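Once you've had a glance at the structure underneath, I'll fire off some questions.
The values are calculated or read from the model by the stated rules, or taken from the named source; none is laboratory data. Every value quoted in this text rests on a predicted model; they were computed, and no experiment measured them. Neighbour counts are summed over all protein chains in view; Cβ atoms, including those assigned to glycine, are modelled from backbone coordinates with ideal geometry. Accessible surface is based on the protein model in full, side chains and every heavy atom, while ligands, DNA and RNA are left aside. Shrake-Rupley method; radii C 1.70, N 1.55, O 1.52, S 1.80 Å.
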Amino acid sequence: HKQTPTSIVVFGATGDLAKRKLFPAFFNLFLEGWMPEDFTIFSLGRKEHTDETFGEYILENIHNFSRNHDFSEAQWSQFREKIRYVPFDIKNDQSFYSLKKELDEYDSEIAHRTDRIFYLSIAPNFIENVSNNLKKYELVKDRIKDRIIIEKPFGYDKASAIHLNNLLSNNFEENQIYRIDHYLGKETVQNILAFRFANIMFEPLWNNKYIDSIQITVAEKVGVEERGSYYDGAGALRDMIQNHLMQILCMVAMEPPSVFKSSEIRNKKADVLKSVRRIHVEDIEHYTVRAQYTQGRIDGHDKVGYLEEPGVNPGSKTETFVAMKFYIDNERWNGVPFYMRTGKSMAAKQSSVVISFKEVPDDTFRNNKSMLSPNKLTINIQPEMDIKLSFMAKKPGLNMKLKPVDMVFDFFECSPNTPEAYETLLLDVLEGDPTLFMRSDQVEEAWDVISNIQEAWERFDIAKMQTYPAGSWGPEASDELLKRQGHYWISNS
Ligand code: BG6
C-alpha cells in the first residue's frame, strides 16, 4: 500500500465518534502495519488536554471500544507519539491560522509536503465555517494530496443537501471529498459485490424473471439513548433509510460494473437510485408505514416509550420505525417489490437482505406442491455475518418427501476478527480510493427518492403514526404492507 507521509487532522477529536470509532480504527490500522511510516494525528478539540492526558484518554477508549486488545506497551507508546492534541475553537479564525502553521512546521520537520486528511467529525452547522476556513487559510491546497472526510447527515432534505454539496464544491474538488456511509465499509456489505459479480451462478437469476421480492431489514435493539435531541430532529427515514438502506439497495440492485473501478461502481449505484419509482404524495399511505415505539421490555429490562426519552419532544411526530415498499423501473427489476424496514428498540439487532425467488413451475412436483418452499437467499450483514441459500432437498427415507435445507457461508469461521467498517474506510481515504464513499449526485438522488415521503408525512400528515411496543418487530401495519401481496418479513429471532 501507499507509504505517503500524512497529516491527519481530526476536528471533534474529543467527541463520541472519535472516541468509539476513529481512534480505535487508526490504532488497529497501525498495529496491522497499514499506517504510513510517517504520520501525525492532529487532534482538535475544545476541551483542555495535554498530549499526555489526551493520550491516556485515547488509550482508555481503545480498551473500551476496540475490537483488538492484543498489543504491547511498546506498540501503544509508538502510536501515542504520533498523536498531538491541539486546543481548537472552530468559531475563531485564529485557530485555523495556527493550525496551518502547525501543519507547515510538521512538513518541514519531516522535509516532505505531507498528504493532509481533514476529518470533520463535527455537528453539521459547523461544516460551512470549517470548509470555508480550510480554503481561506490555505490548509487545503493540493488537489490530490489534500482530502476531507464528512459524516452524515448530508443535509436534511434534497434542497439542503444540494446547498451543502455546493458549499463544499466551492472549496474542494469532488475527488477530495469523502462522504462516509459506514455501512459501505462493513465486510458483509462489500461482499455483496464479490458474491454477485465474482460468481457465475447467481447473476443469471438476479432479475424479475426469477426473483419474486427482496427485503432489506436494519433493526436495532437500542433506542435513541443519549441522542434524543439529535434523533428527534431526524427520524428513521433520514437517519437510516436515506443513507444506509439506500446504499445496501444499490449494492443489491446495481447493474454489473464493467470494471472494478470507483467511477464505474459509483455510476452504476447512482443509476439504481435514478430508477427507483417516485411514489406520489397521495399514494404514500399505501406504500409506507411510520411508527414510534412505546413502553416495552427489551432483554428483560423495561424500556420507556420514545416520547418519554430524554431530549425528545413529548408531542413529537418523529418516526423511530419505517417500513416501505417500492419498485425499480428498469428492465431487470420491473415488477419486483423491494421492501425496507428499519427501527429502534426492536426485538433484535438484525441487518439483512433476503432475496425470495419465484416458485418452480408447476410440473414435476405438481401433486406435492404444499411441500415446496421457494428458494431464498439470505445475506446477513450483522450481527450474524453469513450468506444462506435455502433450497429443497429430498428428506432421507423410503418415499419422495421434500424439505427445505440450508447451505451456509459464515464469515466468522474464516475470519473471527474482521476489521471494523471505519478501518476499511480510513485506509481507503489514506490511499485515495473513493469507491466506498458517496458521491454528491448519489446523495442528492437518495434524498430525491424519499422527498415525497417527507412531504406527505411532514406537510400533509398522510399515513397515520403507528405505535409498537419496544422489544417488538414493529407495528402490525408493517406486516400488513407485505401481506397484501402474499409476502412476510423474515426475522431471525
Ligand atoms: C448511524 C445512525 O448512522 O447508524 C444510528 O445515526 C444507528 O442511529 C447507526 O444506530 C447504526 O449503525 P450500526 O453500525 O450499529 O448498525
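In this structure, is Lys152 at pLDDT below 95 and more than 18 Å from Glu431 (Cβ to Cβ)?
yes
Cβ-Cβ below 8 Å, separation at least six or inter-chain, first residue in the range 161-187 and within 15 Å of Ile127 (Cβ to Cβ) and touching a residue at least 24 places away in the same chain (Cβ under 8 Å), second within 12 Å of the ligand (Cβ to nearest atom) and basic (Lys, Arg): which pairs?
Arg179/Lys152; Ile180/Lys152
Hey, another quick one. One residue is enough: does the range 410-425 have a residue meeting the conditions farther than 19 Å from Ile216 by Cβ and of a type in the set (A, V, I, L, M)?
Yes.
While we're looking at this one, here's another question. Condition first: among the hydroxyl-bearing types (Ser, Thr, Tyr), within 16 Å of the ligand (Cβ to nearest atom) and under 25 Å from Lys388 (Cα atoms). Can you find one or more residues in the range 322-330 that meet it?
Within the range 322-330, none of the residues are among the hydroxyl-bearing types (Ser, Thr, Tyr), within 16 Å of the ligand (Cβ to nearest atom) and under 25 Å from Lys388 (Cα atoms).
Residues that are within 16 Å of the ligand (Cβ to nearest atom), at least 3 per element: which helices (runs of 4 or more DSSP H) completely within the range 99-199 meet that?
Answer list for the range 99-199: 187-197.
Within the range 252-263, is there a residue that is under 26 Å from Val289 (Cβ atoms), buried (at least 16 other Cβ atoms within 10 Å of the Cβ) and touching a helix residue (DSSP H, G or I) at 6+ places or on another chain (Cβ under 9 Å)?
Among the residues of the range 252-263, at least one is under 26 Å from Val289 (Cβ atoms), buried (at least 16 other Cβ atoms within 10 Å of the Cβ) and touching a helix residue (DSSP H, G or I) at 6+ places or on another chain (Cβ under 9 Å), which makes the answer yes.
Okay, residues lined up against (1) in contact with a His (Cβ under 8 Å, 6 or more places away or on another chain); (2) in contact (Cβ under 8 Å) with a residue 12 or more places away in the chain:
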position: Asn375; (1), (2): no, yes
position: Asn399; (1), (2): no, no
position: Asp410; (1), (2): no, yes
position: Glu423; (1), (2): no, yes
position: Leu427; (1), (2): yes, yes
position: Met438; (1), (2): no, yes
position: Asp441; (1), (2): no, yes
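I've got another one for you. Would you please name the residue that is nearest to the ligand (Cβ to nearest atom), looking only at residues in the range 381-403 that are farther than 23 Å from Ala348 by Cβ and open to solvent by less than 40 Å² (accessible area, probe 1.4 Å)?
Step by step, filter the range 381-403, then rank; the result is Ala393.
Right, next: Looking for something small (Gly, Ala, Ser) and more than 10 Å from the ligand (Cβ to nearest atom) - is there at least one such residue anywhere in the range 236-248?
no
Failed condition for Lys209, given (1) open to solvent by 10 Å² or more (accessible area, probe 1.4 Å); (2) under 17 Å from Arg332 (Cα atoms); (3) part of a helix (DSSP H, G or I), with all others met?
Unmet condition: (3).
Please go through the range 212-231 and pick out each residue that is under 21 Å from Thr288 (Cα atoms), open to solvent by 30 Å² or more (accessible area, probe 1.4 Å) and within 12 Å of the ligand (Cβ to nearest atom).
Scanning the range 212-231 gives a single hit, Glu220.
List the pairs whose first member sits in the range 329-352 and is over 15 Å from Ala236 (Cα atoms) and without any contact (Cβ under 8 Å) to a residue 60 or more places away in the chain, whose second member is assigned to a loop (DSSP other than H, G, I, E, B) and open to solvent by less than 40 Å² (accessible area, probe 1.4 Å), and whose Cβ atoms are under 6 Å apart, counting only residues at least 6 apart or on separate chains?
No pair meets every condition.
Within the group Asn132, Asn171, Asn166, Asn199, which residue is touching a strand residue (DSSP E or B) at 6+ places or on another chain (Cβ under 9 Å) and surrounded by fewer than 19 Cβ atoms within 10 Å (Cβ to Cβ)?
Residue meeting the stated conditions: Asn171.
Hey, Asp115 hits all of (1) touching a strand residue (DSSP E or B) at 6+ places or on another chain (Cβ under 8 Å); (2) open to solvent by 70 Å² or more (accessible area, probe 1.4 Å) but one; which does it fall short on?
Answer for Asp115: the failing condition is (2).
Rundown of residues vs (1) crowded, with 21+ Cβ neighbours inside 10 Å; (2) closer than 24 Å to Asp448 by Cβ, yes/no style:
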{"site": "Ser98", "(1), (2)": "no, no"}
{"site": "Ser108", "(1), (2)": "no, no"}
{"site": "Ala111", "(1), (2)": "no, no"}
{"site": "Pro153", "(1), (2)": "no, yes"}
{"site": "Ala161", "(1), (2)": "yes, yes"}
{"site": "Asp181", "(1), (2)": "yes, yes"}
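Do any helices (runs of 4 or more DSSP H) lying entirely in the range 228-299 carry at least 1 residues that are among the aromatic types (Phe, Trp, Tyr), and which ones are they?
It comes to 228-232, 284-287.
Hey, does the range 478-488 have a residue that's outside any loop (DSSP other than H, G, I, E, B), closer than 20 Å to Gly235 by Cβ and among the hydroxyl-bearing types (Ser, Thr, Tyr)?
Yes, the range 478-488 contains at least one residue that is outside any loop (DSSP other than H, G, I, E, B), closer than 20 Å to Gly235 by Cβ and among the hydroxyl-bearing types (Ser, Thr, Tyr).
Mind checking which residues of the range 183-213 are under 19 Å from the mean Cα position of the chain (by Cα) and aliphatic (A, V, I, L, M)?
Within the range 183-213, Leu184, Val189, Ile192, Leu193, Ala194 meet the criteria.
So Asp406 fits all but one of (1) open to solvent by less than 50 Å² (accessible area, probe 1.4 Å); (2) part of a strand (DSSP E or B); what number is the exception?
Going through (1) open to solvent by less than 50 Å² (accessible area, probe 1.4 Å); (2) part of a strand (DSSP E or B) one by one, Asp406 breaks only (1).
In the set Tyr287, Tyr293, which member is hydroxyl-bearing (Ser, Thr, Tyr), closer than 30 Å to Pro314 by Cβ and in contact with a helix residue (DSSP H, G or I) (Cβ under 7 Å, 6 or more places away or on another chain)?
Tyr293
Tell me which residues, restricted to the range 33-79, are of a type in the set (Lys, Arg) and buried (at least 18 other Cβ atoms within 10 Å of the Cβ).
none
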